[in-house]
1. Using only Cα atoms, locate the centre of segment 57-92 and the centre of segment 1-53, then give the distance between them in Å, rounded to an integer.
2. By average Cβ neighbour count within 10 Å, what is the ranking of 63-74, 86-97 from highest down?
3. Springs between alpha-carbon atoms under 10 Å, Gaussian network over the chain: tell me which of 117, 78, 49 tops the mean-square fluctuations.
4. In deg cm²/dmol and to the nearest 500, what is the mean residue ellipticity at 222 nm of the chain if only DSSP H runs of at least 4 residues count, each as -39500 (n - 2.57), divided by the residue total?
5. Once a ≥ b ≥ c are taken as the square roots of the eigenvalues of the Cα gyration tensor of segment 121-175, is the result rounded (a/c under 1.5), prolate (a/b larger than b/c) or oblate (a/b not larger than b/c)?
6. Mean separation of Cα pairs under 8 Å and 6+ residues apart, divided by the residue count of segment 1-119: what relative contact order is that in percent?
7. Can you pull the Rg over Rh of the chain, Cα-only, Kirkwood?
8. Per residue, how many Å² of accessible area does segment 60-104 show with a 1.4 Å probe?
Amino acid sequence: MNARGWLARFGDAQALLLAVRELRRLGYTQLEAYTPYAVEGLAEALGPVRDRIPLLVLLGGLCGGLGTLFLEWYASVVNYPIDVGGRPDASWPAFVPAALEMTILFAALFGVVGLFVANGLPRLVHPLFAVPGFEAASRDGFFLWLRADDPRFEASQARAALARLTPQAIDEVKP
């Protein structure tokens, strides 16, 4: 079977939350839920998500700050040293404001780019868009996607596990 998983539609948020908890109890880890509003407890039930955005922001800030300090040092000490009032060439207090600004700028840019990459944006086509009725996820639908990249995923067993949870519908998500 060449599928990306199964998409189950549930009637309300409570049924979706119970389904997520049951599938997690069975050992499934690659679950995604789509709801028209925030459901209390759903994020915790889906399990922990590894977030690399803080590390990207830190690396961006370090690159921006240290890169700016190096650029300023190189320009004033190596490339074009100028004696201004007997001050030393490498006058670090003068370098701090620009380095601070570049630290903030690069941290913000790395964070925004990392956010887009982590969310797979811009995404004009997604396999779920082809599933009939999925557009209701933004109005009144509660959907659970059991992805095929789950280590426990076996198509017939996964569908049977979803069917035991009595969803309104189960659709195959095709690539």
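1. Here the answer is 50 Å between Cα centres.
2. The peptides rank, most packed first, as 63-74, 86-97.
3. 78
4. Per the formula, -14000 deg cm²/dmol.
5. Oblate, because a/c is 1.5 or more while a/b does not exceed b/c.
6. 29
7. So for the chain, dividing Rg by the Kirkwood Rh gives 1.28.
8. The answer is 71 Å² per residue.
The values are calculated or read from the model by the stated rules, or taken from the named source; none is laboratory data. What you see is a predicted model; the values in this text were computed from it and never measured. Reconstructed Cβ throughout: ideal geometry from the backbone, glycine too, with neighbour counts over all protein chains shown. Surface areas here come from the heavy atoms of the whole protein model, side chains and all, with no ligands, DNA or RNA. Shrake-Rupley method; radii C 1.70, N 1.55, O 1.52, S 1.80 Å.
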